[in-house]
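This report concerns only the one structure given below.
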Amino acid sequence: MNTTTSQSRTVWPAGGGEMGERIRQHDWAATALGPVGTWPQSLKTAVDIMLASPGPVAILWGADRIQLYNDGYIAVAAARHPSILGRPAADSWSEAYESFLGPVFERVFDGEAVAIEDHVVLLRRAEGDGFEERHFAGSFSPIRDETGAVGGVFHPLTETTARIRADAALRESERQARLLLAELQHRVRNTLAVIRSIARRTAVTSETAEDYAMHLDGRIDAFARVQAAVTRDPTAGLDLELLVAEGLLAFGAQEGERVAGITGPEVRLKPKAAETIALIIHELATNAVKYGALSTDQGRITVEWTITREEGGPRLVFRWIETGVRLSGETPRRRGFGTELIERTLAYELDGKASLEFTPDGLHCIISLPTGGVLAEQVLPR
């Protein structure tokens, strides 16, 4: 008989991939299991079945619950591989032993088979920084030795963490989709209501059909710019500086030319507040084209805002200042759409306060709004 062939037949365990080789090379004499030659046949048979299994399987043997495992289990062990081979489970999985593994092993050594489904276990992160939830499905079955007593635990399992997280992400995505759909339905109803209101109030304050068409078109454009920005990112809020710049640019006025400055802290407005403020900017710019700073080469517009501390809470104070215009200084008798929007709608919809002062040098409009009702992100005053 060939000596090499004879020796290969006595090597145990045969095959088994990486973990088969590690089991063959491990110093079992230094563990509670003792040398491989002393192992009971029941343990060896269980190890052969474990190594031939395609999925993750571990065996815990004896009073110390000494651990063996196959190649499929390496992904479960992660950074603990290969140091947990031949070690007591209480050492290898210390953070989960007292609360979960230990009691389960006791039940199995009493002869009970235990199954788990998507069981969550808090395990130490591979980096050693904190803990993470990991989910497992599988079973713990008794392995009986030659005397009929339970000698160990046969433990096939599957990690379900990725699926659980994917399911949770899907549920959150569906929840967000429902919220966005509800918000879209609300915004469509609100948009139609605002358009009807703009059309009706424009009709009341217009003297001719041409005047009506011109003002209605401009106001709907101003409103549409806000809707386009909200649609791009419904949760981000609308940048006030961009809202002002776009509102003025629609009339050919940009900073550095007819606009002396657009300054203020970075603030983002809630959609409802942005709609009203965009219409106000449109009305102020329309008035400036007809009678104010944009009707003369010497006219200039300065727009600025601040966040102030007041007794009732922080407020956004918005200032539209026109200069270089010769006015009588008297308040016009006719109250148009813009005046009504600034003095009445602002107070009703945003709990705001506003003042319009027609100085000899130009219009001054100051608007004060509680930040809680208008800002998408709270900005604290300095």
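The values are calculated or read from the model by the stated rules, or taken from the named source; none is laboratory data. Keep in mind that what you see is a predicted model, and the values were worked out from it rather than measured. Methodologically, a virtual Cβ is constructed for each residue, glycine included, from the backbone with ideal geometry; neighbour enumeration extends over all protein chains shown. Heavy atoms of the whole protein, side chains included, go into the accessibility calculation; ligands, DNA and RNA do not. Shrake-Rupley method; radii C 1.70, N 1.55, O 1.52, S 1.80 Å.
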Checklist entry - At a probe size of 1.4 Å, how large is the accessible area of Ile49, to the nearest 10 Å²? => result 90
Checklist outcome for this item: Any residue on another chain or 5+ positions along whose placed amide H is under 5 Å from the amide H of Ala253 is listed here as none
Checklist entry - So how compact is the chain: Cα radius of gyration and Dmax in angstrom? => result 37.9, 123
Item to check | Mean separation of Cα contacts under 8 Å (6+ apart) over length of the range 219-323, as relative contact order % | outcome: 26
Checklist entry - So what is the relative contact order for the range 27-141, in percent, with contacts set as C-alpha pairs under 8 Å and at least six apart? => result 16
Item to check | Kirkwood hydrodynamic radius of the range 201-350, Cα pairs, Å | outcome: 16.4
Item to check | Within the chain, helix-based [θ] at 222 nm, where runs of 4 or more DSSP H residues each add -39,500 (n - 2.57), nearest 500 | outcome: -13000 deg cm²/dmol
Next on the checklist: I want the local charge near Asp239. Using Cβ-Cβ distances under 13 Å, sum +1 for each Lys or Arg and -1 for each Asp or Glu among the other residues.
Outcome noted: -1
Checklist outcome for this item: Heavy-atom accessible area of the chain with neighbours in place, 1.4 angstrom probe: carbon+sulfur share in percent works out to 53
Checklist entry - Given the protein chains as shown and a 1.4 Å probe, how many square angstrom of Arg125 are accessible, to the nearest 10? => result 90
Item to check | Angstrom value of the Kirkwood radius, inverse mean 1/r, which spans all Cα pairs in the range 261-309 | outcome: 12.4
Checklist outcome for this item: Scoring the chain by relative contact order with C-alpha pairs under 8 Å, at least six apart, yields a percentage of 9
Checklist entry - Cα convex hull of the range 181-271: mean projected area in nm², to one decimal? => result 7.2
Checklist entry - Over the chain, what is the percentage of antiparallel beta bridges among all DSSP beta bridges, to the nearest 5? => result 90
Checklist entry - Glu257 to Glu210: extension gain in nm, 0.36 nm per residue of separation minus the Cα-Cα distance? => result 13.9 nm
Checklist entry - At what distance in nm do the modelled label points of Ile49 and Leu184 sit from each other, each positioned 7 Å from its Cα along Cα→Cβ? => result 5.4
Item to check | ³J(HN,Hα) computed for each position of the range 301-308 - Karplus, 6.51 cos²θ - 1.76 cosθ + 1.60, integer Hz, glycine/proline x | outcome: 10, 10, 10, 8, 8, 9, 10, 10
Checklist outcome for this item: Here the membrane-span-like helices of the chain, with no claim about any membrane, defined by DSSP H, Cα axial extent at least 20 Å and mean Kyte-Doolittle at least -1.0, are 161-205, 209-232, 271-290
Checklist entry - Any idea of the accessible area per residue across the range 213-351, 1.4 Å probe, to the nearest Å²? => result 50
Checklist entry - Distances over 16 Å make up what percent of all Cα-Cα pairs in the range 125-242? => result 78
Checklist entry - Given H placed 1.01 Å from N in the peptide plane, which residues other than close sequence neighbours of Ala260 have an amide H under 5 Å from its amide H? => result Ile301, Thr302
Checklist outcome for this item: Gyration tensor on Cα atoms of the range 239-285, a ≥ b ≥ c root eigenvalues, a/c under 1.5 rounded, else prolate if a/b beats b/c, else oblate, says oblate
